[in-house]
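Single-structure report; data block below.
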Amino acid sequence: MMMSTRLWHLCAALLILAAAVSAQTDPSADPSCPDAGAESHVGCEDPIKGGTPFDLWELARSWTPGFCASGGKKTCAKQECGVTAMVPALTLHGMWPSFSKPVAAANSAAAAANAAAAAAVVTEAATATARRALRDVSVSLITGAAAANAPGGACFWPQDCTQPGWWPASSPWTYDATLLPAGAEFETLAPAWYSDGLGAHEWPKHGTCAAWADAAGANHGLDQAGYYSSMFALAKKEGTPKPLLDAMGTAVPLADLQAMFGGAKRVALGCTPKCELVQVLTCYAQGKGTAGDPAGPGARADCPCTGVRDSHYDNSCAELHACAAVKVLSPEQSGCGGSGPEPGPGPGPVPPACDAGVIAAPSCAAPCAPPTPSARARADAFAARTAATAPTCPSKLAANAANAANATAASAAIAISSDA
């Protein structure tokens with residue numbers, strides 16, 4: 001009996017040690033941000049004027065099928081979520097001025113007094129609301145002094161800014177949809193801005209703060225047309241990674257999904273409680289508004305832990321929902337019409353007729369076989385409309401020989417015929 005008891009304790013100790021080692025070697029863990037996805041933050045009303053200029057941009061883009069699935073009938077009713085119109089790609093949510101480090105709020109005493117009220121607003125119950133609105137729920141339901149001060153006296157991003165002194169009289173300060181770039185390419189990049197009026201919210205809340213490049217309001221920031229131009233150019237430049245398109249309809253390990261965007265420090269990923277991908281957020285440096293360093297998004301930057309990667313809105317795929325794997329829904333899986341298989345374990349080998357990083361061009365003799373034809377067709381159309389150059393046919397079929405060994409006989413036949 002004594003030996004059995006000792007053996008039991010030894011086994012228990014070994015299990016605990018194994019769990020500790022596993023946690024330390026978890027590929028999805030981010031040692032630089034142990035509270036990733038666990039914290040609640042709010043912004044501050046007009047904190048730049050006479051205070052601290054923002055120094056960071058956040059580009060937020062929606063994985064459209066996931067966004068459409070996140071709010072049930074409410075989101076499915078949006079024009080962008082029609083099952084035949086839904087773009088299976090990353091589409092523009094917004095470009096947000098932010099602080100790389102939280103700054104002191106104007107009234108820290110009031111902030112401390114209202115911290116509990118602010119924190120109480122951001123609850124797991126809020127996830128019943130469409131993900132695109134959650135960042136706003138945390139602020140809009142807080143009134144009075146609490147709305148102007150974040151928990152703990154810290155401000156994580158500016159919002160609802162006043163007009164700076166440099167602003168030209170000829171440029172409208174209120175939202176003007178006619179200043180959005182015109183054309184099908186831009187409507188594809190940002191369907192919510194054109195079909196569902198998202199800009200009427202994004203400009204006053206976030207865009208107005210883009211006008212500020214310094215605390216005095218003397219240096220030129222971005223006017224409304226410049227803000228839209230910079231935002232759309234950045235969204236087009238970033239595009240949708242091909243591995244993300246390949247993963248559509250499947251579930252991907254969180255670490256692999258982060259790697260598509262440069263790793264855990266370079267991206268924040270928003271998920272539903274079901275671990276369905278909704279949003280991808282990347283970060284960029286802000287210029288100083290001078291001739292040598294103009295305002296606007298500059299070089300890609302690490303997303304700060306405090307304020308972005310620890311946010312349970314921006315990075316909810318991490319600790320909040322503890323997603324070991326993230327589902328990349330197809331339009332048919334969004335619940336907005338049509339039907340499709342449940343997300344599987346992950347994408348299989350790259351078909352031999354496909355080059356890495358290339359979406360099959362319509363002119364290719366043997367285009368890649370799509371996992372979901374209708375969704376892939378829309379993804380190809382999206383890529384064709386937003387690519388800087390026309391897509392090219394696969395040109396390195398020999399390099400795909402290793403993949404051919406793992407493909408089906410039919411795939412091998414396609415590879416042979418296309419190589420000819």
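Here, each number is a calculation from the coordinates, and none is a lab measurement. Note that the structure is predicted; figures quoted are calculated from it, not measured. All Cβ positions, even for glycine, are placed from backbone atoms using ideal geometry, and neighbour counts span all protein chains on display.
A Förster distance of 22 Å, applied to the separation of the beta-carbon atoms of GLN163 and ASP196, puts the FRET efficiency at 0.25.
All C-alpha to C-alpha distances of the range 157-274, sorted into 5 Å bins beginning at zero, yield P(r) values of 2, 9, 16, 17, 15, 15, 12, 7, 4, 2, 0 percent in whole numbers. Available extension along the chain between ALA215 and ALA182 is 8.6 nm, counting 0.36 nm per residue and deducting the alpha carbon span.
Legend: residue pairs LYS49/LYS327; LYS205/LYS237; LYS236/LYS274; LYS236/LYS327; LYS101/LYS236; LYS237/LYS327, Cα-Cα distance threshold 32 Å; pairs beyond threshold, LYS49/LYS327. Taking the inverse of the mean 1/r over every pair of distinct Cα atoms in the range 172-213 gives a Kirkwood hydrodynamic radius of 11.0 Å.
Extension gain for THR84-ALA255 works out to 58.4 nm (0.36 nm per residue, less the C-alpha to C-alpha distance). Using a Förster distance of 22 Å, how high is the FRET efficiency between LYS101 and ASP35, based on the Cβ-Cβ distance and rounded to 0.05? About 0.90, to the nearest 0.05.
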